[in-house]
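Visitor: Sharing a structure, written as structure tokens. Questions coming.
The values are calculated or read from the model by the stated rules, or taken from the named source; none is laboratory data. The structure displayed is predicted, hence computed values, not measured ones. A quick note on method: Cβ atoms are made from the backbone with ideal geometry, for glycine too, and the neighbour counts reach across all protein chains shown. Surface areas here come from the heavy atoms of the whole protein model, side chains and all, with no ligands, DNA or RNA. Shrake-Rupley method; radii C 1.70, N 1.55, O 1.52, S 1.80 Å.
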Amino acid sequence: MLKDKPEVLTIQEVADILNVSIQTMRRWDNTGILKAFRTNMTQRRRYRKEDIVAYLKATPPTNKSSK
């Protein structure tokens with residue numbers, strides 16, 4: 001899933017990968033759950049692919065099947 005992605009991802013790319021909203025991504029950054037870094041020029045949040053991989057490995061899968 002991530003092997004074809006660049007080493008640095010946008011907030012939208014990560015939100016799509018994790019199936020969460022951009023607002024959730026901002027909240028996770030602010031609370032330290034999944035930290036972003038800021039680019040010098042735009043100050044927009046960017047995420048390292050290695051951090052996303054580590055987060056996915058550390059987070060247990062959820063069962064979202066409906067009953």
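Visitor: Among the aspartates and glutamates, which fall within straight-line cross-link reach of Lys5, defined as a Cα-Cα distance under 14 Å, with same-chain neighbours fewer than 8 residues apart omitted?
Guide: By straight Cα distance, Lys5 reaches Glu13, Asp16, Glu50, Asp51.
Visitor: Hey, another quick one. If I compute solvent accessible area with a 1.4 Å probe over the protein chains, what percent of it on the chain is carbon and sulfur? Each step should come with its number before you reach the end.
Guide: Numbers: 2610 of 5130 Å².
Accessible surface attributable to carbon and sulfur in the chain totals 51 percent.
Visitor: For Arg48 and Val8 in one chain, what is 0.36 nm times their gap in residues minus the Cα-Cα distance, to one decimal in nm? Before the final figure, lay out the partial values.
Guide: Working: separation 40, 0.36 × 40 = 14.40 nm, distance 0.47 nm.
Full extension of this stretch gives 13.9 nm more.
Visitor: Now a separate question. What accessible area per residue, rounded to a whole number of Å², is obtained for the chain using a probe radius of 1.4 Å?
Guide: Values: 5130 Å² over 67 residues.
Heavy-atom accessible area per residue stands at 77 Å².
Visitor: Another question, if that's okay. Output the peptides 37-45, 20-28 sorted from most to least packed, where packing is the average of other Cβ atoms within 10 Å over each peptide's residues. Intermediate results must be reported in sequence, preceding the final value.
Guide: Values: 37-45: 9.9, 20-28: 14.2.
Sorting 37-45, 20-28 by mean packing, highest first, produces 20-28, 37-45.
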